[in-house]
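Reviewing the structure listed below.
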Amino acid sequence: MPQSARQARRTGAEEDWDGPYLNLSVFCTEARQDVDGWSFLGVHGGSVGNGAPWSYAEAVLAVTLTGGNRRGTSILDVFATFPDSTRERVTGPDRLTFEGPAFGHTVASPIRVPAHTEGIVWFDIMVDGRLMSRLPFQIQHEIPG
């Protein structure tokens with residue numbers, strides 16, 4: 001039976017992955033935790049700035065992970081790749097302990113990135129060195145007028 005392109009690209013390491021798993025990754029203006037869980041307010045995908053050399057885009061990056069069959073500690077890191085191709089860690093490393101499928105974590109991290117260059121900043125959500133998701137964050141400058 002012929003393999004699909006996705007199956008052909010799989011490695012043994014991917015097949016052995018037992019968690020944790022990404023449930024949610026989102027940019028918002030505020031994340032709140034109360035007795036009923038988490039609320040994410042002002043969900044968005046970018047920022048408008050004035051293009052000044054000292055301008056920054058600010059947001060909260062919320063990430064929710066579920067343990068799967070994972071028991072033990074995992075490391076969460078988030079890296080940003082800017083329009084000029086530079087890459088830097090924006091949050092982490094965060095040590096998260098998982099105790100199986102019913103156990104998870106939500107991490108809400110404030111981020112502040114330079115906004116003097118228009119374009120897309122890509123945020124890589126990494127767990128134990130494995131790419132879980134890539135989120136685009138659009139930097140757009142205001143048009144004076």
Taking the condition more than 21 Å from D16 (Cα to Cα) and among the aliphatic types (A, V, I, L, M), does V127 pass?
no
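For segment 94-113, give me each residue that is over 22 Å from F40 (Cα atoms), of a type outside the set (K, R) and surrounded by fewer than 17 Cβ atoms within 10 Å (Cβ to Cβ).
T97, E99, G100, P101 - these are the residues of segment 94-113 that are over 22 Å from F40 (Cα atoms), of a type outside the set (K, R) and surrounded by fewer than 17 Cβ atoms within 10 Å (Cβ to Cβ).
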For D34, state whether it is charged (D, E, K, R) and under 22 Å from D18 (Cβ atoms).
no
Number of the condition not met by D77 [criteria: (1) in contact with a Gly (Cβ under 6 Å, 6 or more places away or on another chain); (2) part of a loop (DSSP other than H, G, I, E, B)]:
(2)
Among the numbered conditions (1) more than 19 Å from Q138 (Cα to Cα); (2) modelled with pLDDT of 90 or more, tell me where V63 comes up short.
(1)
Is segment 100-116 home to any residue that is in contact with a helix residue (DSSP H, G or I) (Cβ under 9 Å, 6 or more places away or on another chain) and in contact (Cβ under 8 Å) with a residue 12 or more places away in the chain?
no
In segment 87-145, what count of residues is obtained for those that are acidic (D, E), at pLDDT 90 or above and closer than 26 Å to W54 by Cα?
2
Checking T86 against (1) surrounded by 14 or more Cβ atoms within 10 Å (Cβ to Cβ); (2) closer than 17 Å to P136 by Cβ, only one condition comes out false. Which one?
(1)
Quick check on segment 86-109. Is at least one of its residues over 23 Å from L22 (Cα atoms) and not aliphatic (A, V, I, L, M)?
yes
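The values are calculated or read from the model by the stated rules, or taken from the named source; none is laboratory data. Not measured: the values here are computed from a predicted model. Neighbour counts run over all protein chains shown; Cβ positions are idealised from the backbone, glycine included.
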